[in-house]
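Since the structure comes first, as structure tokens, the remarks are kept for the end.
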Amino acid sequence: MNPALETLLLPFSSEGGIPVPGRCLFLGAEAHPLLQGWQNLTAVQPHKPLADAWRRAGFTAPVERAEGRWPVVLLLPGKSRDEILASFALARDHLEPGGTLVAAVPNTLGASRFEKEFARATGSVHSIQKNKSRVFSATDDGTWNEALFAEWRTLGEPRPVPGTSHTTRAGIFSHGEIDAGSQFLVAHLPADLRGKVADLGAGWGYLSAEALRLAPGIQRIHLFESDSRALACARTNLAEWGDRPVFSWHDVTTGIPGHYDVILTNPPFHSGRDTDVDLGRAFVTSAARALGRTGRLYLVANRQLPYEAVLKAEGLGYERLAEDKTYKVILARKP
Ligand SMILES: C[S@@+](CC[C@H](N)C(=O)[O-])C[C@H]1O[C@@H](n2cnc3c(N)ncnc32)[C@H](O)[C@@H]1O
């Protein structure tokens, strides 16, 4: 279990702490047994595997966007600086006057630094350290530094990718820039891609946009992505392609529906900040199983990642189309 989640709930179980609220918004919601007794819990969780786990635990399905204000807002604010500060502002926007904002950050992400930032905006904070994380909370007494929250709000706004017409936002993969691995893959894609295509872990849509530009034979390209914020950017970035792109908020590790003439992927291999090669392996397995009889799988990965063994285990033949100091592009097919 996420240690910051355990810590986040400490103020509600400690003596003299915050009473369990009758209504609560949870941004970055993750399931915890202690929340089972809470009433009127509204959850926002952009990551599909975590949103699925939340629903499986019996809670009401997360909403994509919160509307309204709550007396208590709980926050697990993400990983990067801009994402964390922008989510402080978002949480603030959903707080009723006199309400309490409670946030928890792991030490590895700079808990003490973010507590100081939070205190700059709210004045005094109540803080507890446990489980290598900190939870800090403050109650709106009408004196909060609204100019600072306004500054942080801008960090969550759409951000252009230089040299392109694309936009991204803080917190999603490769925001504000094109991923070098994906760029390497695009440089080695042929123009004869055609038919029904899938892009696994499509992010803000770079690979799909380039594939559509390169290959007029593509009839449909299905973008599967677990981060709803990235998928929302992809929708905007691919709007010019009409109904050829199809967008799915989907956990690729569970497999994907259908079979495809072409599959493109730059598989993720991090969960949070930790390397998670099994995540990449699960992507390659899903890709291999969704390949049509004459389908082609193009994948890019850091050179050391052991995806060839997965392709072999799935009975695919493969060749290395290109490599440089960092990346390899692999083409795989059924024999
Ligand atoms: C290496 S990035 C590639 C992104 C995009 N193709 C690009 O070129 O910018 C991998 C993507 O997989 C997504 N991802 C991570 N876990 C996933 C999962 N279980 N199911 C679907 N997508 C996932 C990440 O959010 C990220 O956008």
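Residue 259 - would you say it is under 26 Å from residue 277 (Cα atoms), more than 12 Å from the ligand (Cβ to nearest atom) and modelled with pLDDT of 95 or more? Taking the combined requirement at face value, the residue satisfies it.
Residues checked against (1) within 22 Å of residue 148 (Cα to Cα); (2) in a loop (DSSP other than H, G, I, E, B):
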| position | (1), (2) |
| --- | --- |
| 1 | no, yes |
| 12 | no, no |
| 30 | no, yes |
| 34 | no, no |
| 52 | no, no |
| 83 | yes, no |
| 88 | yes, no |
| 101 | yes, no |
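Would you point out the residue of the range 262-283, among those that are closer than 18 Å to residue 208 by Cα and over 13 Å from the mean Cα position of the chain (by Cα), that is farthest from the ligand (Cβ to nearest atom)? Lay out the reasoning, then the answer.
Within the range 262-283, the first condition is being closer than 18 Å to residue 208 by Cα, and the residues that meet it are 262-268, 283.
With the extra rule that they be over 13 Å from the mean Cα position of the chain (by Cα), the set shrinks to 262-267, 283.
Values: 262: 14, 263: 12, 264: 8, 265: 7, 266: 4, 267: 6, 283: 7 Å.
Only one residue fits best here, namely 262.
Any residue at all in the range 225-248 that's near the ligand (Cβ under 8 Å from one of its atoms), outside any loop (DSSP other than H, G, I, E, B) and not aliphatic (A, V, I, L, M)? Yes, the range 225-248 contains a residue that is near the ligand (Cβ under 8 Å from one of its atoms), outside any loop (DSSP other than H, G, I, E, B) and not aliphatic (A, V, I, L, M). Annotation note: Cβ proximity below 7 Å between a residue of the range 278-292 that is touching a residue at least 24 places away in the same chain (Cβ under 8 Å) and a residue that is within 12 Å of the ligand (Cβ to nearest atom) and aromatic (Phe, Trp, Tyr) (sequence gap 6+ or interchain) occurs for 279/269; 280/269. When each of 198, 170 is tested for being out of contact with any Pro (no Cβ under 9 Å at 6 or more places or on another chain), in a strand (DSSP E or B) and surrounded by 16 or more Cβ atoms within 10 Å (Cβ to Cβ), the lone residue that passes is 198. In the condition set (1) within 12 Å of the ligand (Cβ to nearest atom); (2) assigned to a helix (DSSP H, G or I); (3) without any contact (Cβ under 8 Å) to a residue 24 or more places away in the chain, residue 176 is compliant with all but (2).
Can residue 312 be described as at pLDDT 95 or above, of a type in the set (Lys, Arg) and closer than 21 Å to residue 180 by Cα? Write out each step before concluding.
Numbers: at pLDDT 95 or above: yes; of a type in the set (Lys, Arg): yes; closer than 21 Å to residue 180 by Cα: no.
No; evaluated as a whole, the condition is false for this residue.
Quick grid of which residues meet (1) at pLDDT 95 or above; (2) among the hydroxyl-bearing types (Ser, Thr, Tyr); (3) surrounded by fewer than 21 Cβ atoms within 10 Å (Cβ to Cβ):
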{"residue": "119", "(1), (2), (3)": "yes, no, yes"}
{"residue": "122", "(1), (2), (3)": "yes, yes, no"}
{"residue": "154", "(1), (2), (3)": "yes, yes, yes"}
{"residue": "183", "(1), (2), (3)": "yes, no, yes"}
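Of the residues contained in the range 249-261, none is found to be hydrophobic (A, V, I, L, M, F, W, C) and out of contact with any helix residue (DSSP H, G or I) (no Cβ under 6 Å at 6 or more places or on another chain).
The values are calculated or read from the model by the stated rules, or taken from the named source; none is laboratory data. Remember, predicted model here, so these are calculated numbers, not experimental data. Quick reminder, even Gly has a Cβ in these numbers, built from the backbone with ideal geometry, and neighbours come from all protein chains shown.
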